[in-house]
Amino acid sequence: MTWNWRALAFAAASALAVAAPPSLAQDGGGEEGGTEEAEAAPKPEQLYEQLDRKRTMSIKLPRSWKALPADEASASALASFGGFFGEENKSANGIVEFFPMGQYQRAALARAVVLAQAGPVKPETLRQEAGWAQGCAVEGSNIRWWRFVEKNGRVYGFVLSANARAFDTVRTTAEGLLATAAVPGEYSAPPLGEGFAKKKVGEFDVTTDASADRDSAVKKQCERLGTAREIMAKSLPGKPFDASRPVAWVFQNATKFEDRAKTAGYANPQFGVFNPPDRCSMVSILSENAQGNDDAVYVTGAEQYLWQYFGGTPPLWVVIGLREYAKASALGGGKKMPPELVTRTKSAIAAGKRRLDQWFDVVSSSEIKDDNQGALELLGWHAYFRVGRGSKKLRKNYDAYLQALRDTGDPAAARKAFDGVNFDEVLQDFKAWGNDWKQ
């Protein structure tokens with residue numbers, strides 16, 4: 001099959017692509033840090049509410065901040081504003097942009113993933129309370145503050161950018177502006193169009209364009225999605241963060257399936273994909289008997305459950321490894337992995353070089369050079385903890401990691417479950433087990 005996990009990071013990556021206009025510089029003071037006005041960076045006495053055209057997101061800014069022209073704003077932003085932090089042309093300037101981030105339900109999880117992808121994080125800027133989380137990271141020559149706000153199970157991101165050299169002089173003002181961020185409206189997904197009907201199929205709320213004579217095909221694809229969900233439910237402690245009924249969009253029209261999947265970030269969708277912004281599994285019924293269909297649909301169902309369980313897409317080592325574990329279990333009838341898949345996984349374990357803690361730090365798919373190698377190696381790690389030698393030595397640590405990630409939405413808090421573990425020794429044991437692994 002064609003691995004589709006690279007699309008998992010698409011939405012976060014696109015949200016990070018904040019266009020810094022050419023004028024984003026530390027004005028009025030050369031390389032050493034600006035004029036006295038810039039250093040003072042007084043908090044504006046009067047702020048005015050600014051909203052996007054759909055009135056979804058808002059922030060209060062000085063009247064001098066204006067909407068940016070299209071060629072200086074991010075194409076994916078709902079709105080973009082630019083201005084100075086102090087006196088015009090004598091202080092540092094910056095931009096604020098709005099991004100709906102429907103791939104997350106939890107602000108803390110969004111912050112952990114997005115900031116890690118952005119660049120070195122300024123730990124002194126990390127703040128969070130119920131319903132929001134905030135922090136900033138250095139991206140090349142710019143510093144970006146992110147404020148993530150939750151509303152009705154969806155995260156909205158406010159991004160304030162400035163020249164990195166202006167950090168100390170604008171920090172107080174920047175954080176004061178972000179404190180006014182709010183979500184008065186709500187994002188709504190574009191409609192699927194005519195020809196779709198809603199129905200309940202098993203545990204799924206289904207929307208489909210399939211004709212009545214294809215009901216059995218719709219049911220079969222939903223059963224495959226449900227099989228993967230059941231495996232994940234038995235593998236993870238407790239209930240999901242989001243325990244709502246899962247949604248499935250089942251397409252008979254291949255063009256509509258491909259178009260909507262590409263909108264969700266999948267460059268080459270095949271058979272099935274999980275679409276986080278629309279909160280649904282998407283599957284096609286045109287090739288339900290083709291080679292690779294079962295693999296893709298099992299993966300889709302697992303990804304959806306993991307997304308609901310953690311309140312957003314979890315770290316790559318978790319989502320890739322567990323979704324591949326669910327697929328392997330489903331292909332093996334829920335008992336044993338297919339022998340051929342075990343053989344390939346053993347080879348991937350032997351060739352792998354990363355320790356577990358190094359996998360914790362992988363935040364971008366670009367860091368994994370070989371899709372198949374990475375997927376199978378991570379499958380091996382989860383099998384090691386669940387049915388391998390690691391189940392006796394480290395299962396409590398592993399379960400505690402997953403539960404802490406579900407409870408807090410914070411990967412940094414979750415990894416404390418492995419405090420004191422010698423990861424070099426764990427890697428050696430993992431490889432020895434992989435070499436001897438028999439079912």
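Odds and ends about this structure:
- You will find that of Lys60, Lys90, the residue that is at pLDDT below 90, open to solvent by 60 Å² or more (accessible area, probe 1.4 Å), within 21 Å of Arg171 (Cβ to Cβ) and more than 26 Å from the chain's Cα centre (by Cα) is Lys90 and no other.
- Criterion violated by Pro69 - all others in (1) surrounded by 18 or more Cβ atoms within 10 Å (Cβ to Cβ); (2) at pLDDT 50 or above satisfied: (1)
- Residues of the range 262-315 satisfying the condition of being farther than 20 Å from Gln105 by Cα and touching a Ser or Thr at 6+ places or on another chain (Cβ under 9 Å): Asn268, Pro269, Gln270, Phe271, Gly272, Val283, Ile285, Gly292, Asn293, Ala296, Val297, Tyr298
- Residues that are within 22 Å of the chain's Cα centre (by Cα) and open to solvent by less than 50 Å² (accessible area, probe 1.4 Å), drawn from the range 72-81: Ser74, Ala77, Ala79
- Residue match in the range 205-217 (condition: within 30 Å of Ala404 (Cα to Cα) and among the small types (Gly, Ala, Ser)): no
- Residue that is nearest to the chain's Cα centre (by Cα) [pool: residues in the range 101-132 that are within 17 Å of Ala182 (Cα to Cα) and open to solvent by 40 Å² or more (accessible area, probe 1.4 Å)]: Trp132
- Residue selected from the range 133-149 under the condition of a type in the set (A, V, I, L, M) and more than 18 Å from the chain's Cα centre (by Cα), by the criterion most open to solvent (accessible area, probe 1.4 Å): Val138
- Residue that is least open to solvent (accessible area, probe 1.4 Å) [pool: residues in the range 176-185 that are farther than 24 Å from Pro277 by Cα and part of a loop (DSSP other than H, G, I, E, B)]: Thr180
- Residue match in the range 150-172 (condition: of a type in the set (Phe, Trp, Tyr), in a strand (DSSP E or B) and surrounded by 15 or more Cβ atoms within 10 Å (Cβ to Cβ)): yes
The values are calculated or read from the model by the stated rules, or taken from the named source; none is laboratory data. Quick caveat: nothing in here was measured; it's all calculated off a predicted structure. Here Cβ is always computed from backbone atoms with ideal geometry, including for glycine, and neighbour counts include all displayed protein chains. Ligands, DNA and RNA are stripped out before the accessible areas are found, and what is left, the full protein with its side chains, is counted by its heavy atoms. Shrake-Rupley method; radii C 1.70, N 1.55, O 1.52, S 1.80 Å.
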